[in-house]
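The values are calculated or read from the model by the stated rules, or taken from the named source; none is laboratory data. Bear in mind the structure is a predicted one, so any value in this text is a computation, not a measurement. Counting neighbours? That spans all protein chains shown, and the Cβs are built from the backbone with ideal geometry, glycine included. To get the accessible areas, we keep the full protein, side chains included, count just its heavy atoms, and leave off ligands, DNA and RNA. Shrake-Rupley method; radii C 1.70, N 1.55, O 1.52, S 1.80 Å.
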Amino acid sequence: MAPRNRDDNFMDVDSDSDISLLGDVEHRGKGKGKSKTTDKRKKDKGKAKAKEQAYTWEASYTRSWDTVQEDEAGSLQGAVEDLMARGRRRRLLAPAAAIRRTIIRHLVLLLDLSAAMMDRDMRPTRFDLMLQYAREFVVEWFDQNPLGQIGVVGMRAGIGERIGEMSGNPQDVLKCLSERTRLEPTGEPSLQNAIEMARSSMSHLPTHSSREILIIFGSLTTCDPGNIHDTLDACVKNKIRISVVALAAEMKISRDLCDKTGGQFGVAMNEGHFKDILFELVPPPAQRAVARAGGPGANPAADLMMMGFPTRLPDSSPPSLCACHSDMKSEGFLCPRCMAKVCDVPTDCDICGLMIVSSPHLARSYHHLFPVKPYEAVTSMEGESMPQAACHACARIFSTSVSTAATSEGMSPWGRYRCPDCHNDFCAECDVFVHDVIHCCPGCGK
């Protein structure tokens, strides 16, 4: 075959090549400016769309550093002192005198599991944040109320669903709150059905224990089969205290539930406020006076109750069946009345019905009745002939320089806080530790 004439303007290419000829090059050159403009518009449009619609990972992304403000010198000490001052103001508002409280508590936690809990106004969602705070609440609640019991009821699809039975073991309550797939929100909530289920589970409780219902509600509607005010009247008759923590807005029925039963009501403004108003319900509520024949000023009747202190079995003891689960194990506790074996305390004996508690649990419940008096902030060192050089609790040396913290917020510029009974000085960290953890002054023992 004769060779083709070679032209400088063309090159030998295969039939499947994507290289264009000169005519095509010239044609593309004419529309080059138009294509650049079109590409630029598409790029700008994509950027605008990306700004309007956030990425998925940004849904759980929070700028936590924006909540901490630096002072003029660039220090964060002011923000830390503000948080400590907030805690001190909360303790100063609490009554320092001895108040009659119920140390044996029975609480039913009502969780809103409706579709409204999937809103993202609280990160990551209302549902996830509620489960997280509920688990933290259960741990703190059992730490300060070791003689109490908690049950869990859910509200979804227009019915009340029992999630966890009434139990005095925090591990059992945490286990039912950790199963997220079982608690998936759906449908509408029903306040009446959930409250009726909680009320029926506490109908058999004795009169010396408190009956409380805590509702975490995120919806603005409730789907009830009847008149919820009849349920409210039944709760008032049975002396059940209802408290509501609302995540959306205040509803009149929620306010009526709290006002008529003597509970607390709060609307969470943000994540931090949600946790604050939830943890305000950890201490036992004050017991209301009951009218007696002695007159309106008489004290309420004091009923004596029977408790038993069990004998603890060591791990080396022979295995035997427990009366609560019928499990073969070595460790456990023996009921002092019928000698039945139980796994954990505090609990009620399944054989004789005696309430079994340990002395440390009883002592830990006692601090609510006689709280530690708030320490006084030392605002001036004038008239102090020989001030203490170190903290009475941790022996840390006090600073000799004056802090810039405002004394009106309850903070001491010298970092000293004095017990009104023993007149010993404590640092700020020990002040928080004494009032929030050990509930006993190291100086005077009160």
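Got a number for residues in the range 319-368 being closer than 27 Å to Ile438 by Cα and at pLDDT 90 or above?
Going through the range 319-368 one residue at a time, the tally reaches 1.
Just a yes or no: is a residue in the range 171-185 crowded, with 16+ Cβ neighbours inside 10 Å, among the small types (Gly, Ala, Ser), outside the structural domain of Cys324 (by TED's automatic domain parsing) and not in a strand (DSSP E or B)?
So far as the range 171-185 goes, no, none of its residues is crowded, with 16+ Cβ neighbours inside 10 Å, among the small types (Gly, Ala, Ser), outside the structural domain of Cys324 (by TED's automatic domain parsing) and not in a strand (DSSP E or B).
Taking the range 363-382 as the region of interest, how many residues are open to solvent by 30 Å² or more (accessible area, probe 1.4 Å) and in contact with a strand residue (DSSP E or B) (Cβ under 8 Å, 6 or more places away or on another chain)?
3
Filter the range 167-185 down to the residues that are in contact with a strand residue (DSSP E or B) (Cβ under 7 Å, 6 or more places away or on another chain), within 19 Å of Pro283 (Cα to Cα) and not small (Gly, Ala, Ser) and list them by number.
Val173
Any idea how many residues of the range 320-348 are in a loop (DSSP other than H, G, I, E, B), under 19 Å from Met305 (Cβ atoms) and open to solvent by 30 Å² or more (accessible area, probe 1.4 Å)?
Step one: of the range 320-348, the residues in a loop (DSSP other than H, G, I, E, B) are 322-327, 330-331, 335-340, 343-346.
Checking which are under 19 Å from Met305 (Cβ atoms) leaves us with 335-338, 345-346.
Going one step further and asking which of them are open to solvent by 30 Å² or more (accessible area, probe 1.4 Å), we end up with 336-338.
Final tally of qualifying residues: 3.
Any idea which of (1) more than 23 Å from Ala248 (Cα to Cα); (2) open to solvent by 30 Å² or more (accessible area, probe 1.4 Å); (3) touching a helix residue (DSSP H, G or I) at 6+ places or on another chain (Cβ under 8 Å) is the one Leu147 doesn't satisfy?
(2)
Could you give me the residue pairs with C-beta distances under 7 Å whose first residue belongs to the range 165-191 and is on the phi > 0 side of the Ramachandran plot, whose second residue is open to solvent by 40 Å² or more (accessible area, probe 1.4 Å) and aliphatic (A, V, I, L, M) wherever it lies, and which are 6+ apart or on separate chains?
Gly187/Ala115; Gly187/Ala157
With the structure loaded, tell me whether Gly226 is open to solvent by less than 60 Å² (accessible area, probe 1.4 Å), out of contact with any Ser or Thr (no Cβ under 7 Å at 6 or more places or on another chain) and free of Cβ contacts under 8 Å to residues at least 24 places away in the same chain or whether it fails that test.
no
Would you be able to say whether some residue in the range 378-386 is on the phi < 0 side of the Ramachandran plot, in a strand (DSSP E or B) and outside the structural domain of Arg312 (by TED's automatic domain parsing)?
No: the range 378-386 contains no residue that is on the phi < 0 side of the Ramachandran plot, in a strand (DSSP E or B) and outside the structural domain of Arg312 (by TED's automatic domain parsing).
May I ask you to list the residues in the range 358-373 that are farther than 10 Å from Lys446 by Cα and not in a helix (DSSP H, G or I)?
Within the range 358-373, Ser358, Leu369 qualify.
Rundown of residues vs (1) farther than 30 Å from Phe309 by Cβ; (2) surrounded by 16 or more Cβ atoms within 10 Å (Cβ to Cβ); (3) modelled with pLDDT of 80 or more, yes/no style:
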{"position": "Glu384", "(1), (2), (3)": "yes, no, no"}
{"position": "Cys391", "(1), (2), (3)": "yes, yes, yes"}
{"position": "Ser401", "(1), (2), (3)": "yes, no, no"}
{"position": "Ala406", "(1), (2), (3)": "yes, no, no"}
{"position": "Gly415", "(1), (2), (3)": "yes, yes, yes"}
{"position": "Asn424", "(1), (2), (3)": "yes, yes, yes"}
{"position": "Cys440", "(1), (2), (3)": "no, no, yes"}
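If I filter the range 364-371 for residues that are over 27 Å from the mean Cα position of the chain (by Cα) and among the basic types (Lys, Arg), do I get at least one hit?
No: zero hits.
Would you point out the residue of the range 192-221, among those that are assigned to a helix (DSSP H, G or I) and not charged (D, E, K, R), that is farthest from Lys252 (Cα to Cα)?
It comes out as Ser201.
As an exercise: evaluate Ile351 against (1) open to solvent by 50 Å² or more (accessible area, probe 1.4 Å); (2) in contact with a Lys or Arg (Cβ under 9 Å, 6 or more places away or on another chain); (3) outside the structural domain of Ser317 (by TED's automatic domain parsing) and give the number of the one condition it does not meet.
The number of the failed condition is (3).
Looking at this structure, is Pro146 modelled with pLDDT of 90 or more, in a loop (DSSP other than H, G, I, E, B), assigned by TED's automatic domain parsing to the domain that holds Leu278 and within 22 Å of the chain's Cα centre (by Cα)?
Spelling it out, it is not the case that Pro146 is modelled with pLDDT of 90 or more, in a loop (DSSP other than H, G, I, E, B), assigned by TED's automatic domain parsing to the domain that holds Leu278 and within 22 Å of the chain's Cα centre (by Cα).
Between a residue in the range 119-139 that is assigned to a loop (DSSP other than H, G, I, E, B) and any residue that is open to solvent by 40 Å² or more (accessible area, probe 1.4 Å), which pairs come within a Cβ distance under 7 Å, given they are 6 or more apart or on different chains?
Within 7 Å, the pairs are Met122/Glu271; Arg123/Ser60; Arg123/Thr62; Arg123/Glu271; Pro124/Ser60; Thr125/Met118; Thr125/Asp119.
Within the range 231-275, take every residue that is part of a helix (DSSP H, G or I) and under 19 Å from the mean Cα position of the chain (by Cα) and give me the one that is surrounded by the fewest Cβ atoms within 10 Å (Cβ to Cβ).
In this case the residue turns out to be Gly272.
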